[in-house]
Amino acid sequence: MKKSSSSKDLQSLLEAIKSSDVVENRVLLLTELGELDITEKSEVASLIGALTAILYVAAKYLELDVSECLGEFLRLGIKASVWCGKHLKMTLMSTEESPEEEHSTLFYQLLVNLLSYSAASFSALARYSISSSKEFILTIENFICEQLNLTKDALSEIKRINAFGPEVQKVAQVVLDAVIRLCKVYCHGVNWDFNSLRTEEDKKVIGSEVVCEADHVINITKCTVDKLCEVGILAANDGGSLVSVLNLSWKGVITLLQLGKGALAAKVDISGVILTLISLAQQSLRCAAEAWSLRLKETVTMTEAKRIFLPVKFYLINAVRIISQYTSQAFSVYKEIVCCVVMISSFKVYLSKEEYLKAATAALAEILEPTSFHLLNSILNSVQVRQEEKFQVLNWLFSDECNLKSVPGVSGSNRMPNSVNAILFSSSEFMGGVQTFSLGQVNLFLDLLRSSSDLEDDVKLMMARKLQWLLDILVDEDVYSASLSLQVPVSRQKQELAYQPFFHSILNALQTFMVVMSSNPAWGEIESFLLANFFHPHIICCEVITELWCFLIRHAEIDVVNDIIDKLCSLLMFTASPEVVVSPASALRKIARSICVIVTYCSNAIGDRVYNFVTGDNKSRYSPSMYIALLMEGFPLNLLSERTRSIAKKRVLTEYFGFLESFGSELPKESGFEIYGAPVYALSAALQSLQVSMPNTETKTLKFLAAVIDKYKKSDDSKLKDIYRRLLSEVLAIISNMTHLYSCDEMEGVILELQNLFISRPALSASDSLLFLCKPNLANFMAGLGHVELPESDDNARSSAVWKLYHMLLREQHWAFIHLALTAFRYFAARTSCNQLWRFVPQDAALSFDLETGNEADEDRFMSELKAFLEKELASFLTKPAHDHIGMLVKEGLKLKEILQKNTTDINEEDVICDAMEIDEEIQSNKKRKFPDGISKGVELLQSGLKAMGDGLSQWQHDKIGLTEIHDIFLTHFSRLEDVVSHLLSLTGDS
């Protein structure tokens with residue numbers, strides 16, 4: 001029945017309440033206040049005053065036995081709460097427009113009394129057993145919902161409630177604590193074991209007027225959890241003044257979710273609660289990132305960082321507690337959970353990059369990292385999660401599918417919007433975007449490897465199978481550059497984080513995982529991984545695999561080591577052949593390279609075992625190939641046992657001098673060696689690795705070099721020229737390591753021969769096209785000329801030759817040749833007695849050109865670039881790379897990845913390519929047959945004429961007849977003519 005809005009009705013109702021002596025009648029009259037429609041300010045003020053007094057008295061009655069009329073007390077609270085909720089908004093609005101201190105003070109006092117009444121009502125409910133009356137139960141549920149709504153609304157406006165703010169906050173906490181205790185009492189009063197056995201038929205037997213007590217408890221607990229989450233979000237966004245409310249609300253959520261033996265999972269949105277906590281953690285970190293990005297590199301202190309990270313830890317700890325109990329529900333949102341963990345891992349990687357954020361890095365490692373890692377482990381190590389589900393988590397985490405932007409948001413209006421879609425660094429330039437996210441994935445993977453001893457066996461198995469993912473992501477240019485330049489925190493020593501190169505961190509994690517898996521049945525996965533990637537085409541992945549093999553060799557039992565070494569040697573023999581020894585990219589050389597690295601970590605006995613396998617009495621016909629391949633890859637002769645080492649070094653020198661004695665007496669194809677010049681290759685490699693020394697009285701090498709050059713120039717067979725060209729390169733390397741030879745009288749003749757070969761002599765024929773491969777060792781040879789006395793006069797043939805050779809090297813435009821040439825020139829310039837170094841630098845040196853346009857040569861620019869080169873060479877030894885170094889590493893990584901992808905594509909499409917090549921050759925052959933016979937015959941005559949002219953030029957130069965000027969002019973025209981003829985040969989297909 002609706003009462004009229006009049007002062008008379010209000011006053012008469014208040015008088016009736018005062019005159020009633022029976023508690024039940026008074027409570028009934030109290031509830032009628034909610035039926036009044038009060039609009040006038042005077043009546044509102046009267047009602048506020050009356051309600052304030054009545055609620056104060058009613059709260060006192062609740063301390064007595066009111067079991068017979070408790071429903072009326074609750075209905076009073078419901079109606080008062082609804083009215084106060086509406087009037088709270090009106091009061092705040094009117095206060096902003098025309099402040100009325102007296103009116104607002106009266107209302108806020110009423111609000112405090114009503115909240116106190118709510119807390120008293122919850123305490124009264126907790127004293128009685130759970131009712132079975134449907135009507136009363138619905139009243140209780142409605143009462144709880146309305147009181148919590150009012151409490152949340154009051155807390156949301158706490159800063160606008162003036163002087164009553166602290167009092168309202170205090171009593172609101174009492175309300176929250178009381179409702180949490182009520183839910184605990186109710187939950188403890190339910191037989192959850194019996195409830196779990198109820199069937200649907202049992203539930204139908206219950207009358208319409210009676211509600212199952214378990215369902216009732218679940219309903220009020222669900223309502224309480226939902227409202228506590230909303231209050232927790234409100235307190236989190238407040239900025240710090242509601243810390244006590246924040247703690248109370250979320251601890252209350254955790255407490256309630258631990259009740260009911262899992263029965264709450266059917267009604268409570270567990271996954272939503274988890275996502276809310278994760279969102280709050282991410283929001284706090286994002287705010288920190290944005291704030292620090294505006295600091296202009298102002299140092300962040302440990303205290304400040306801890307102040308920011310402690311609330312984040314609070315959210316994460318609560319999320320871990322929920323996940324540990326409700327793992328099945330948490331699995332439905334595993335992507336969001338995983339993204340949060342990766343986000344924190346990535347944040348740590350980013351912070352470690354900046355010096356002014358090092359304290360924040362330490363704080364994160366101490367406070368957040370262990371908790372966030374436990375967030376992931378709570379799923380991976382849970383018995384509630386099936387093995388295939390754990391594999392699903394790891395497969396998504398360590399794959400290209402793990403993309404933050406693909407994670408769906410949280411649906412539902414009662415939840416805070418999920419911040420995963422706007423995660424910390426996906427929307428902030430401060431964090432470096434996808435690059436940092438990839439590094440965070442790698443860092444998290446390494447953390448899992450390092451803690452693998454705590455993982456379940458099924459997770460260890462999956463981690464072993466995901467090792468290939470680590471190699472694949474290392475190929476990424478950003479991860480590649482970071483692995484070679486980034487310093488990451490790994491452990492705590494003397495209260496400070498210890499930093500180490502990221503590459504070392506990768507190796508240490510993998511080695512730790514190998515130790516853990518050594519006694520695990522899944523060790524076969526590790527072996528398969530190591531074997532499958534033995535020939536990995538990417539340099540950094542190859543280094544990782546080689547280091548892991550070395551680690552295995554160092555710590556394995558001697559029987560295992562011997563078995564591995566024997567298998568590697570057998571594999572070396574299987575791939576051996578004379579044709580591939582000189583190819584650094586061949587399988588033979590790759591295996592030899594790995595064996596050499598591995599042997600450096602073994603005992604002398606293992607080194608002897610490899611050496612004897614290759615050179616022993618039972619050696620095969622492939623032994624020379626294996627022997628040279630090992631030496632060319634730097635086989636550690638110095639690590640052999642004393643006797644074997646002496647024999648090995650003696651053999652290198654004896655065979656070398658024996659070859660020098662027999663050189664020229666037979667053609668390479670008639671030689672007894674399967675690899676012609678093998679002793680030269682052996683000595684060259686041994687000298688470059690500083691494992692063999694030559695006697696200072698030995699000068700045969702210079703004569704040998706002159707003989708090789710002569711053989712090369714006179715040979716017409718392309719295969720023979722290639723053999724002599726390789727010998728030439730190796731002899732240059734030998735001389736560059738024998739400083740005493742530069743003071744010999746024969747050195748001048750060698751210098752002039754090299755000038756004639758590389759500069760004066762036309763090296764334009766097809767057989768001379770590979771002569772440039774000698775230039776790296778020529779650069780090493782030229783560096784040693786700093787020990788030669790060079791007259792600085794224009795008419796000195798030796799000095800002129802050296803100038804021209806340096807001119808040739810410094811004109812090279814390939815970046816690798818430029819580096820070698822400048823390195824050689826630096827060594828030469830530091831030791832030569834010449835003062836006029838400008839003579840060695842041509843005006844058109846590669847580094848004298850403008851780098852942007854490619855023209856406008858300038859000598860000053862060359863000196864500037866040379867200075868920059870020298871400074872970079874010095875800086876390369878520093879542990880912290882400069883910004884431009886990182887940029888170069890990224891470009892280098894991108895180029896390596898492109899090469900790898902191209903090679904992989906070529907291998908996968910080998911059959912298709914072969915078919916296409918056969919078709920192309922047929923078409924090309926048809927095109928060649930279209931040339932008239934006269935043209936082909938004429939080209940053949942031109943080729944013969946060029947050969948005759950070349951022989952004549954050689955004789956002319958040898959006899960030194962005629963004028964030098966005319967000779968040079970003739971050479972120039974001859975060179976151009978040979979260019980034209982070579983082009984015609986390529987068109988007609990003749991060779």
Problem - Likely footprinting exposure, Asp457, Asp153, fewest C-beta neighbours within 10 Å first - result: Asp457, Asp153
Handout entry: Förster radius 25 Å - calculated FRET efficiency between Arg181 and Glu135, Cβ distance, rounded to 0.05
Key = 0.55
Problem - Net charge of Cβ neighbours under 12 Å - reference Thr299; Lys, Arg +1; Asp, Glu -1 - result: -1
Practice task
Order the peptides 623-631, 164-172 from the highest to the lowest mean number of other Cβ atoms within 10 Å of their residues.
Solution key: 623-631, 164-172
Problem - Sorted by Cβ density within 10 Å, fewest first, the residues Arg554, Arg593 - result: Arg554, Arg593
Fill in the blank from the handout: Which residues qualify? For Val488, with a placed amide H closer than 5 Å and at least 5 residues away or on another chain, they are Gln500, Phe502
Practice task
Give the peptides 721-734, 309-322 in descending order of average Cβ contacts within 10 Å, highest first.
Solution key: 721-734, 309-322
Fill in the blank from the handout: Most exposed to least, judged by fewest other Cβ atoms within 10 Å, Met90, Met782, Met747 sort to Met90, Met747, Met782
Problem - Nitroxide proxy distance, nm - points 7 Å out along Cα→Cβ at Glu940 and Cys287 - result: 8.9 nm
Exercise for the section: May I ask you to compute the full-extension gain from Lys650 to Ser603, defined as 0.36 nm times their residue separation minus their alpha-carbon distance, rounded to one decimal in nm? Expected result: 14.8 nm
Problem - Violating pairs (Cα-Cα greater than 20 angstrom) within the set Lys306/Lys358; Lys89/Lys159; Lys79/Lys222 - result: Lys79/Lys222
Problem - Burial order of peptide ranges 382-388, 76-82 (average beta-carbon count within 10 Å, highest first) - result: 76-82, 382-388
Fill in the blank from the handout: The distance between the Cα centres of the stretch 270-333 and the stretch 242-257, in whole Å, is 16 Å
Practice task
For the stretch 361-380 and the stretch 705-739, compute the distance between their C-alpha centroids and round to whole Å.
Solution key: 62 Å
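Quick note: the coordinates plus some simple rules give every number you see, no bench work behind them. Keep in mind it's a predicted model, so treat the numbers as computed, not measured. Cβ: placed from backbone, ideal geometry, glycine included. Neighbour counts: every protein chain shown.
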